[in-house]
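This report concerns only the one structure given below.
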Amino acid sequence: MNIRSWAFGLIGASMAVGVSASQYPMLDMVAQKVIQRYQSSTCEQLWEARGKPKPQEEQNIIQILRGDPQMRTVFLDEVAGPVANKMFECGLLP
């Protein structure tokens, strides 16, 4: 019985994540772009970009995410792992 409950919970959680991601298709595209940028950049490029001002398009997206906590959560859930791993590899995180 416990295995069955656990399995249903896992399926429900998977479906909830799928619904959240498909709720914001443009956000999914932006998240994939961010992930790709981090994965394809060298550590030196990331260090250089760290101090530069962000492009206007990126500033607009940040403003949208600041104004919508649900959208921000979906975005961060998608990009957090790959971006944090790259930052750790490059010494950008302690």
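Normalised by 2.2 N^0.38 Å, where N counts its residues, the alpha-carbon radius of gyration of segment 25-94 equals 1.12. Calculated FRET efficiency, THR42 to ILE62, Cβ-Cβ distance, R0 = 25 Å: about 0.55 to the nearest 0.05. Computed from phi, the 3J(HN,Hα) profile of segment 60-67 under the Karplus parametrisation 6.51, -1.76, 1.60 (θ = phi - 60°) reads 5, 5, 4, 4, 4, 5, 5, x Hz, with x in place of Gly and Pro.
Values in this text are rule-based calculations from the coordinates and carry no lab data. Being a predicted model, the structure only gives us computed values, none of them experimental. Quick reminder, even Gly has a Cβ in these numbers, built from the backbone with ideal geometry, and neighbours come from all protein chains shown.
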